[in-house]
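Before any comments, here is the structure.
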Amino acid sequence: MTVHFDAADILDGLHAVADRAGEIVREGASRTRQIRHKGRIDLVTETDLAVEAMLKTELAALLPGSDFLAEETAKDTEPGELTWIIDPVDGTTNFAHGLPYVANSIALWHRDRVVLGMVNMPLLDERFIAVAGQGAFLNGKPIAVTGEADLEQCVLATGFPYDIDAHLEDILKNLRTLLPIAQGIRRGGAAAVDLAFVACGRLDGFYERALNPWDTAAGMLLVEEAGGRVSEYDATVPYAFGSRCILATNGRIHERLSGLLARD
């Protein structure tokens, strides 16, 4: 069934849903968290599950006929024609330890692209949103990537995948290459937040391996709508769900950073 809609028409409803998601996160942060392990360092809390359940109910009502691709219940990583792509709590390890770099990442995929993205940071009272072709915003104000073209003056971010052992040598190789060149490298622990920070100019670039669509869908649209660029480490290869790696920058450092990351 083909579904016709205008992404901008559902923004008011989406903000109301995000308000409820934020309430669940703040309430969860105020009490002892129930944590279980999906892997050695891969956590899930009752807040992840509660937010995801709420989002699936509320977003289905907001946009009847839509499907879901959600971190805690996804069977695969292929979106349908009209699909919500959600990470209920990006930065679960941060959340479990009381760190505020936590986000509800909500994106809407239509046919062949992400058309709406929201990164909601309830513990910091910040909400990033973008609609394809209409720019990117933080708490209602337009945002843009930095204009820095000198990598030596840039602050970058990266992250470490849960299956760290499988990627450790590549991660260390990239750090050995970039640490002596960049002004600094940060590890915030939530890819959606890192991408939002590239979009608003707090970071000049972000790179990471082994991410999933729910980690990147909303943030990549934010970066692109804020004037930045997104690709695989190889700048000639467009980033797509299923890509082994992502590089998101202000655009001005993209080629040089790509050359440093993609080389053998």
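A few remarks follow.
- Check on Trp109, modelled with pLDDT of 95 or more and touching a Pro at 6+ places or on another chain (Cβ under 6 Å): yes
- Taken together, the criteria exclude Ile171 from residues that are outside the structural domain of Thr93 (by TED's automatic domain parsing), part of a loop (DSSP other than H, G, I, E, B) and touching a residue at least 24 places away in the same chain (Cβ under 8 Å).
- Subset of the stretch 140-166 that is modelled with pLDDT under 95 and in a loop (DSSP other than H, G, I, E, B) - its residue that is surrounded by the most Cβ atoms within 10 Å (Cβ to Cβ): Pro161
- Taking the criterion of being surrounded by fewer than 20 Cβ atoms within 10 Å (Cβ to Cβ) and polar (S, T, N, Q), the residues of the stretch 95-139 that qualify are Gln134, Asn139.
- Residue check, Leu203 aliphatic (A, V, I, L, M), surrounded by 18 or more Cβ atoms within 10 Å (Cβ to Cβ) and either closer than 23 Å to Asn120 by Cβ or without any contact (Cβ under 8 Å) to a residue 12 or more places away in the chain (or both): yes
The values are calculated or read from the model by the stated rules, or taken from the named source; none is laboratory data. The structure displayed is predicted, hence computed values, not measured ones. Note: ideal-geometry Cβ built from the backbone for every residue, glycine included; neighbour counts use all protein chains shown.
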